[in-house]
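The values are calculated or read from the model by the stated rules, or taken from the named source; none is laboratory data. Note that the structure is a prediction, hence the values are computed from the model and not measured. We place every Cβ from the backbone using ideal geometry, glycine too, and count neighbours over all the protein chains shown. What goes into the accessible areas is simple: the full protein's heavy atoms, side chains included, and nothing from ligands, DNA or RNA. Shrake-Rupley method; radii C 1.70, N 1.55, O 1.52, S 1.80 Å.
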Amino acid sequence: MTLEVIYVTRHGFRSNWLVDPSNGTYTSMLRSPTGKPADPALTAHGVEQARELGERLMTVDPPIERVYSSLYYRCLQTVEPFVRKATATAIATASEGRSLPPVRGETGIGEWYGAAEFEHPVPETPEGLSSHFPAMLDPAYTPAVVPGRKGEGIGELHDRVAATMRALVAECDRDGVRAILLCSHAATIIALGRVLTGNMPENIGVEDFGAFTCGLSVYRRRKESGLGGSGGVAGAGSTTGGHHSEDGSSVNDRANAGNADPQIGDTDWRGGRGVAGGWDCELDSDCSHLSQGPERGWRFSGDESFKGTGGVGGLLSITDAGLSMGVVVEGRGKGGSKKDGGDGGAGPRL
């Protein structure tokens, strides 16, 4: 059995943080459970979103057999209701074959920080998170990709995500896993849609894949590899040339499984190909399970960079440091698929 379906969700509504772009100092109004300013917990509303998402995930078909999550607190907090319920259900019904293994903390689907002269934050270690999420994380798991500390350009982000997905798909194919869940962040989720379908738009800011808080996307593996496939959304073209990371990113040797190329700058997923033969987007950031519908979507609006911002001296939020670099997308209607439309406005990447 090989991997057939990838479910993707974004963390729930969270509290905010601030960064001084002149020196890379991060601060927050509310203390993070991990003590890291850029690692906030979910708000009360976000906790409720996570609960509603967990109920939805219990009903998906095929059922989720493995969870990969960003190690940021808000992502683990988002998948926790599902993981706890799935585990309890398996125990109550003695369904050993359906038991959900511990979550695999994958930094390759972690937050995107723009290129900077300073070092960006990193999430807490699995060991440090164990007291917050007892028995939930796999302590033996080694991430496929570790992003560099000084951030990435947009091209590097997409190729980092592609390298990660090549490794994860190969791992799941090897282990006979049919369906997985990924929990990540707005920019990374948009990049995921693009690298899975192979549709990289010429205009990086096009609203092609949704990223609402606790929205659910579904990608199904194409039966035949190669170019084409419905692959998501209209308006996606292809770019030329590769993006080779120079920020110190590392790729685990697991990316070599199935003859996958671990080079982050490899662009073989573009032009409609997609990683591992390509995937079709069957559901895009659907929010029909959320009582408040779609909230706090996001799209690119230029290449996020902190370079050249020195000397400002004042504390600015990440998006205030470059207001044109991201646009909040508010959905219309209960479902919240981006195909339903949405109102755009400059604002924070939540």
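General observations
- Answer residue from the range 60-103, given it is open to solvent by 50 Å² or more (accessible area, probe 1.4 Å) and polar (S, T, N, Q) and is farthest from the chain's Cα centre (by Cα) among those: 93
- When each of 34, 142, 87 is tested for being among the polar types (S, T, N, Q) and in a helix (DSSP H, G or I), the lone residue that passes is 87.
- Some residue of the range 3-15 being open to solvent by less than 20 Å² (accessible area, probe 1.4 Å), touching a residue at least 40 places away in the same chain (Cβ under 8 Å), closer than 21 Å to residue 210 by Cα and not in a strand (DSSP E or B): yes
- Scanning the range 123-138 for residues that are loosely packed, with under 13 Cβ neighbours inside 10 Å and without any contact (Cβ under 8 Å) to a residue 24 or more places away in the chain yields 127, 131, 134.
- Set 172, 183: member being touching a residue at least 60 places away in the same chain (Cβ under 8 Å), in a helix (DSSP H, G or I) and farther than 18 Å from residue 302 by Cα: 172
- Residue in the range 204-218 that is of a type in the set (Val, Ile, Thr), at pLDDT 50 or above and outside any loop (DSSP other than H, G, I, E, B) present: yes
- Taking the listed residues 19, 47, the one that is of a type outside the set (Ser, Thr, Tyr) and open to solvent by less than 20 Å² (accessible area, probe 1.4 Å) is 19, with no other qualifying.
- Just one of the numbered conditions (1) open to solvent by less than 50 Å² (accessible area, probe 1.4 Å); (2) part of a loop (DSSP other than H, G, I, E, B); (3) without any contact (Cβ under 8 Å) to a residue 60 or more places away in the chain; (4) not aliphatic (A, V, I, L, M) is not true of residue 54: (2).
- Selection from the range 148-199 of residues that are of a type in the set (Gly, Ala, Ser), farther than 27 Å from residue 117 by Cβ and open to solvent by less than 10 Å² (accessible area, probe 1.4 Å): 167, 179, 193, 198
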